[in-house]
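One structure below.
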Amino acid sequence: MKTAVLEQKQKQDISKSSEVEAKNPFLEEETEEYNPFDIQDIEALEDISTSVEEETDPEQPSPQEAVISKGLNLVLLAKIAAVLVVVFGCIYTVTRPCVMGECQEMDTARDFSQKSKQTIETVSSSKAPTLASEDLQSGIKLLETIPFWSPRYPEAKALLSVYRQEYNELNSVVKALNVAAKASEMGQNPPHSVADWTKMQSMWEEAIAFLDQVPNSSIVYAFAQARWQQYRANLGDVRNRLKLERDGEQILATAKKTAQVAEARQGVAKYAESWQQVFETWQTAANTLSTIPYGTTAYQSAQVLLARYQPKLEAARDRKTIEQVGLDAYNQAISNSEQAKLLEQRGNWSEAVTYWSRAVSYGKQVPASSSYSAKVKPFLTTFNESWKRADLQNQITSRLEKARQDLGKLCSGNPKVCNYSVTENLITVRLTSEYVNQIQSTAKNADQAGDSKKRSEAEKHVQTLKVALETISQNAKISLEVYGANNEKIATHIPL
């Protein structure tokens, strides 16, 4: 009996499920479901159940009855779930935007589009494209909610195509603005390195490339063109700064190499010519640094290097000056010594003394810190000795010349008093026979006439001649010998 009841209940559930499925308007065709508990299977189970009942407690359900009950419950749950899906599907379908009645979403989307255009036309700040794209994006989202089964779907699809194109154009401008903002921020507080200027150049080029994507038919074309002009100008400025920075770095590198050459030359420099090269090289390095454009990182580095190079340049200039002074003094000393030697060969001891004196003076003018100081020292000793020797010889020559001049005056007269010869060691004076005869005749006549005055004058003249000859010998520091007319020695004098 229980089996018959279960079978009747199963048939009622299947009948209800069929009625629900027949009421679903969205099912294109019905499919026959497989029932694992059909009539034949139930009858077979009933036979088995009858035999089991005889052996089990009549108040407890048999295992077969439990299985059948569980299966009927699962079928029932499946049917209920199917009905719920169909019901909620119908509700979802008819409640989608623009399926029934007015299409508020499309009207609102158009309002957002209009607002987007007004923003571009009225707002002059760089925020306009962003605000416009946000409005347009809101309109696009509304249109995307309209399902394909909506009668307004074709219209919505057409608007979506237009709005998405406009959004892409606005988005290109927004991207350009964002990249330009980063480039502008990066360009603050110059100078910057070559790498930074290169990156900024790429960023401005990228921003311009985004703006180039905006067609002339776009609502944001005028805005994009204005920014395009501005960004091109900014790109030009960045390229100029990049060139200046590269030029500055190249000049800086050249100056550093020149300074290295100066350092190397300074390490081996010795005389004026080499120090001149050192000075000129340091000066070239400093002058090169001064050509680096202002407002570059290289300029800042150049100021640091100039502060480092300037003392070296000044030291090189001072050393060059010292070496040049030393060279000039050394050359003058050598030149005057050569001239002194020529004058000595000519017997011009007076001028030789003058040139030896100059040679010594110039030799002493060579600065002690100069490389020529050690070079001139051996010559200074020779110059001093030669100067003393020449001075001594000049003194002798001068005395001889003075003695000759004095003897010339003394021996002259009428009649001629004497003849003379002067050497470095001896002054020889020979009285003339005319002078001796005159003195003797005068003395003889005075004696005959008893004229003592004339006799005294004759003797005084001879005495004066003697004193004069001795004075000449004394001044010349040369021994004197006096001979008479008959060639006999009548007087001598040795100077003290």
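The values are calculated or read from the model by the stated rules, or taken from the named source; none is laboratory data. Just so it is clear, the model here is predicted, and its values are computed rather than measured. Positions of Cβ are generated from backbone atoms using ideal geometry, with glycine treated the same way; all protein chains shown enter the neighbour counts. Calculation scope for accessible area: heavy atoms of the full protein, side chains included, ligands and nucleic acids excluded. Shrake-Rupley method; radii C 1.70, N 1.55, O 1.52, S 1.80 Å.
Data overview
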| item | result |
| --- | --- |
| Test: Leu327 is farther than 20 Å from Leu400 by Cβ and either buried (at least 17 other Cβ atoms within 10 Å of the Cβ) or touching a residue at least 40 places away in the same chain (Cβ under 8 Å) (or both) | yes |
| Enumeration of residues in the stretch 139-152 that are crowded, with 18+ Cβ neighbours inside 10 Å and not aliphatic (A, V, I, L, M) | Gly139, Ser150, Arg152 |
| Pair list, Cβ under 7 Å, 6 or more apart: the stretch 206-233 residue in contact (Cβ under 8 Å) with a residue 12 or more places away in the chain, other residue open to solvent by 60 Å² or more (accessible area, probe 1.4 Å) | Ile208/Trp228; Ile208/Arg232; Phe210/Lys175; Leu211/Trp228; Val214/Tyr221; Pro215/Tyr221; Ile219/Lys117 |
| Matching residues, the stretch 234-262, being in contact (Cβ under 8 Å) with a residue 12 or more places away in the chain and open to solvent by 60 Å² or more (accessible area, probe 1.4 Å) | Arg239, Arg241, Leu244, Arg246, Glu249, Thr254, Lys256, Val261 |
| Subset tally (residues that are closer than 18 Å to Ala298 by Cα, surrounded by 15 or more Cβ atoms within 10 Å (Cβ to Cβ) and either in contact with a Lys or Arg (Cβ under 8 Å, 6 or more places away or on another chain) or touching a residue at least 60 places away in the same chain (Cβ under 8 Å) (or both)) for the stretch 191-205 | 4 |
| Selection status of Arg265, more than 27 Å from Thr119 (Cβ to Cβ), open to solvent by 50 Å² or more (accessible area, probe 1.4 Å) and touching a Ser or Thr at 6+ places or on another chain (Cβ under 7 Å) | yes |
| Selected residue [modelled with pLDDT of 95 or more, more than 12 Å from Val214 (Cβ to Cβ) and either more than 51 Å from the chain's Cα centre (by Cα) or open to solvent by less than 20 Å² (accessible area, probe 1.4 Å) (or both)] from Ala156, Ala180 | Ala180 |
| Search result, residues across the stretch 440-457 that are small (Gly, Ala, Ser), part of a helix (DSSP H, G or I) and surrounded by fewer than 14 Cβ atoms within 10 Å (Cβ to Cβ) | Ser441, Ala449, Ser452, Ser456 |
| Residue in the stretch 295-318 that is in contact with a Gly (Cβ under 8 Å, 6 or more places away or on another chain) and over 27 Å from Asp196 (Cβ atoms) present | no |
| Matching residues, the stretch 458-496, being surrounded by fewer than 14 Cβ atoms within 10 Å (Cβ to Cβ) and among the acidic types (Asp, Glu) | Glu488 |
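The rows are residues; the columns are (1) at positive phi; (2) part of a helix (DSSP H, G or I); (3) among the charged types (D, E, K, R).
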residue: Glu344; (1), (2), (3): no, yes, yes
residue: Val353; (1), (2), (3): no, yes, no
residue: Ala368; (1), (2), (3): no, no, no
residue: Leu380; (1), (2), (3): no, yes, no
residue: Glu385; (1), (2), (3): no, yes, yes
residue: Lys388; (1), (2), (3): no, yes, yes
